[in-house]
Amino acid sequence: MAAANYEQIVRSIKQGKTATITLLMGDESYYIDKLATLFEHTVMPEAERDFNQSVLYGNDTDVQALVAETMRFPMMSERVLVILREAQMMDKLERFESYVEQIPETTSLLICYKGKLKKTTKLYKSIDKHGIVFETNKVPDYKVPDLITFMAQGRGMMIDPRSAALLAEFLGNDLDRIDSELEKIAIALPANDRVITADIIQKYIGISKEYNNFELLRAVVQKNAARAFQIAFHFAKNEKNNPIQPTLSVLFNYFSNLIALYYLPQVDERNIMTTLQLKGAFQARDYMTGFRNYKALQTYNILHQIRMTDAASKGVDSSVPSGELLKELLCFILS
């Protein structure tokens, strides 16, 4: 058949139009688990599940058991549903390849493989030919704020771009955690006020709206030394809750992107958004501010210093506490 995207598979599951075999694979387990749960609780009426629906786990089953469940005929139902979770843990899963073409039309098999099943294997090629394949990858950091906005809307909430960026900076691209935190907020917010703000994030998730990497970066971009060092001193008081590596990553990503602007024929909001694939105009404005405040050579030197600070924070030729390393780095950047 062919590859499919997330929305297509969701639609087919809700309509009960499932293939005889569907492979969900990739590095982002969030989507695999979501689709598997939807498949398990949606496709077959609850009254028919006891005799016609099976959930197997790769670390607790073998190929022969999978074949037995897949090849059996339904009892008082139109079909049999089989879900193989954690398929990457099954021993000799590749041997199932010889049975793929024999799966009855009355069976719908869902294989959940967390990781990449090699596309050169006979099993993958057979599934791709006779069924549906959905591959999911880790979401790039720059796309996380947009995804948070989309996920919030799915729960009937709104979130402004800066609050989405703040949440992304704190949670990273861990979609399971993002989903969990949004669920927490969705339960807490009243029905007549479904807007997520920085205050809401601070109240229900615990992210300080004043002392975080997002605010530190803004201070650095604006060359607001007083504000930058205020945040750095706050981080130094509790290094356990404010590790330096995520901070260095935020700074490095910003200045790495800033480098690209020096090669543009014209630096304006539109060109910046296109070049850096930004969605929010406020992000482009932050880069325009950085472009005015930092010269190309400064930016190259800053990137080098961030790398040196990262090495020092990991104990390479240094025993200086990370809080002090961050202050030294800010001195270099803002000098």
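The values are calculated or read from the model by the stated rules, or taken from the named source; none is laboratory data. Here the structure is a predicted model, which means the values were calculated and not measured. Every residue, glycine as well, gets a Cβ built from its backbone with ideal geometry; the counts of neighbours run over all protein chains shown. Protein only, heavy atoms only, side chains kept; ligands, DNA and RNA dropped before computing areas. Shrake-Rupley method; radii C 1.70, N 1.55, O 1.52, S 1.80 Å.
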Among beta bridges that DSSP assigns inside the chain, antiparallel share in %, nearest 5: 5 percent
Check: the chain dipole with +1 on Lys, Arg Cβ and -1 on Asp, Glu Cβ, in debye: 920 debye
Met158 - accessible surface, heavy atoms, 1.4 Å probe, Å² rounded to 10: 110 Å²
Percent of C-alpha pairs per 5 Å bin, the stretch 61-112, short to long: 4, 20, 33, 25, 12, 5, 1
Proportion of all alpha-carbon pairs of the chain beyond 28 Å (%): 55 percent
Amide H contacts of Val139 (H built 1.01 Å from N, under 5 Å, at least 5 apart or other chain): none
Those lysines that a straight Cα-Cα span of less than 25 Å connects to Lys34, excepting residues fewer than 8 apart in one chain: Lys14, Lys17, Lys114, Lys116, Lys118, Lys119, Lys125, Lys129, Lys138, Lys143, Lys184
Angle between the chain longest axis and helix 225-237 axis [Cα atoms, degrees, rounded to 10]: 60 degrees
Accessible surface of the chain [probe 1.4 Å, protein heavy atoms]: carbon and sulfur percent: 51 percent
Qualifying aspartates and glutamates (Cα of each under 13 Å from Cα of Lys223; at least 8 residues distant if same chain): Glu215, Asp286
Residue-span extension gain [Arg227 to Val320] - 0.36 nm each, minus C-alpha spacing: 31.2 nm
Counted charge near Val67, where neighbours are those whose Cβ lies closer than 13 Å (Asp, Glu -1; Lys, Arg +1): -1
Additional length obtainable on full extension of the chain from Lys14 to Gln277, 0.36 nm per residue less Cα span: 91.4 nm
FRET efficiency, 1/(1 + (r/R0)^6) with R0 51 Å, evaluated for Asp60 and Asn293 via beta carbons: 0.30
The chain, helix-only ellipticity at 222 nm - DSSP H runs n ≥ 4, -39,500 (n - 2.57), divided by all residues, nearest 500: -16500 deg cm²/dmol
